[in-house]
Amino acid sequence: MTSRICTISVLARITDHRQGLATPAVYGIEVETVTASTSDEAEVFARRITRLRSYLGAYTGAFREGDTVYLSGRLVHTQGPRGTGGFAIELTPWSATESYLASLAR
């Protein structure tokens, strides 16, 4: 069985920045627009993406609630402490083939 890494680029609004001050930085997000994706049915996933998780120190403390950001990263499934699952966009330095980034859009 081969696993495929799905990448996604979106415009998203930061909804929670309280966990953005540590590494990994975790931000609550609401996806506004999918601009690119290697996943089929990216719009379906977009409604379920609720987090940005960054292992890149440059994004620690970088965003505040209400900011609109452009994100390009890996689509990952997350598991919460109470068994609740969802999806996140992950920015990781451990990829030699992809470049992941986040920047303020407006």
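Return the total of residues in the range 46-80 being in contact with a Gly (Cβ under 9 Å, 6 or more places away or on another chain) and either part of a loop (DSSP other than H, G, I, E, B) or open to solvent by 70 Å² or more (accessible area, probe 1.4 Å) (or both).
Qualifying residue count, the range 46-80: 11.
Residues being touching a Gly at 6+ places or on another chain (Cβ under 6 Å) and closer than 18 Å to L75 by Cβ are represented in the range 21-28 by at least one member.
What about R18, is it basic (K, R), in a strand (DSSP E or B) and more than 14 Å from the chain's Cα centre (by Cα)? Yes.
The values are calculated or read from the model by the stated rules, or taken from the named source; none is laboratory data. Remember, predicted model here, so these are calculated numbers, not experimental data. Positions of Cβ are generated from backbone atoms using ideal geometry, with glycine treated the same way; all protein chains shown enter the neighbour counts. Side chains are part of the model used for accessible areas, which takes the heavy atoms of the whole protein and leaves out ligands, DNA and RNA. Shrake-Rupley method; radii C 1.70, N 1.55, O 1.52, S 1.80 Å.
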